[in-house]
């Protein structure tokens, strides 16, 4: 992942106007990203911030303690399952959670995920503790906005969507604008990325030479992940979906998952 990286708007950002902004927080197991949004404009974003700053703010104390119009927090998962909405019951969440092998140091959340599914997922207890001050009612699963952004843009049945994080790969597949497959995979290097992508392709009965990979997240044109994937998938592109007006030359694929949290309530 890139080093700590700030992207500021040209129109000027004023923390004293925080009450009119939305704060987006996207949390990973050892870092987090944040963004300020005013209406449909992303004003400032920062990626790969030290997780300890979220739990015990020092340098970002003013930012993380200000009063905002809205706060939306994307939480990571160490395990998840999707349940069709017509089968989901709040009184059965504990039963579903047993499938996730929840440990004592993990917390379970259950929420709506998209138009068809609810999600039951577990997240590290220290992550939940770090964001509790913002209110759990303001949390969503981290990929909810990303999935919604893609589904609103007529995803093709021969496209496979990858969101690459610091150590977690998310893969989604759509048919008729409906999510047909979604899962997360922990990876260490580009070989793992290729392995899991190929595994999903086989499971979905897709042909690599006829499937377009659409990448977003911690990617750059022709980086090591893209180069290795290209040896198996000749069709690769960067995700061009844009959900907010972005400052300067910020590429939409870099901040898509973070910015898409603005689509979540």
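Taking the simple approach of a point 7 Å from Cα along Cα-to-Cβ for both residue 58 and residue 19, what is their distance in nm?
Roughly 3.2 nm, to one decimal.
Would you calculate the volume per residue, in Å³, of the smallest convex hull containing every Cα atom of the stretch 125-265? Write down the numbers at each step before the final one.
Working: hull volume 17.5 nm³, N = 141.
Once divided by residue count, the hull of the stretch 125-265 is 124 Å³.
Roughly how many Å is it from the Cα centre of the stretch 124-171 to that of the stretch 219-235, as a whole number?
22
At a Förster radius of 30 Å, what calculated FRET efficiency corresponds to the Cβ-Cβ distance of residue 249 and residue 99, to the nearest 0.05?
Working: r = 44 Å, r/R0 = 1.47.
The computed FRET efficiency comes out at 0.10.
For a quick check: sort 228, 92 by the number of other beta carbons within 10 angstrom, fewest at the front.
On the way: 228 17, 92 13.
Going from sparsest to densest Cβ surroundings: 92, 228.
Please work out how much length the chain gains when fully extended from residue 66 to residue 39, using 0.36 nm per residue of separation minus the C-alpha to C-alpha distance, in nm with one decimal. It would help to have the intermediate numbers written out before the result.
Details: separation 27, 0.36 × 27 = 9.72 nm, distance 1.80 nm.
Full-extension gain reported as 7.9 nm.
Take every DSSP beta bridge with both residues inside the chain and express the antiparallel ones as a percent of the total, to the nearest 5. Write down the numbers at each step before the final one.
Details: 42 of 61 bridges.
The antiparallel fraction comes to roughly 70 percent.
I need the calculated FRET efficiency for the pair residue 87 and residue 158, taking r as the beta carbon distance and R₀ as 25 Å, to the nearest 0.05. Don't skip to the end; give the middle numbers.
Numbers: r = 29 Å, r/R0 = 1.18.
After rounding, the FRET efficiency stands at 0.25.
How much FRET efficiency would the formula 1/(1 + (r/R0)^6) give for residue 207 and residue 227, where r is the Cβ-Cβ distance and R0 is 22 Å, rounded to 0.05?
Numbers: r = 21 Å, r/R0 = 0.95.
After rounding, the FRET efficiency stands at 0.60.
Which percent, nearest 5, of DSSP beta bridges in the stretch 154-240 are antiparallel? Present the calculation step by step, with values, prior to reporting the outcome.
Numbers: 12 of 22 bridges.
Percentage antiparallel, nearest 5: 55.
Any read-out appearing in this document is the output of simple, stated calculations on the displayed coordinates, not a laboratory observation. Because the structure is a prediction, the values reported are computed rather than measured. As a convention, Cβ positions derive from the backbone with ideal geometry for all residues, glycine included, and neighbour counts pool all protein chains shown.
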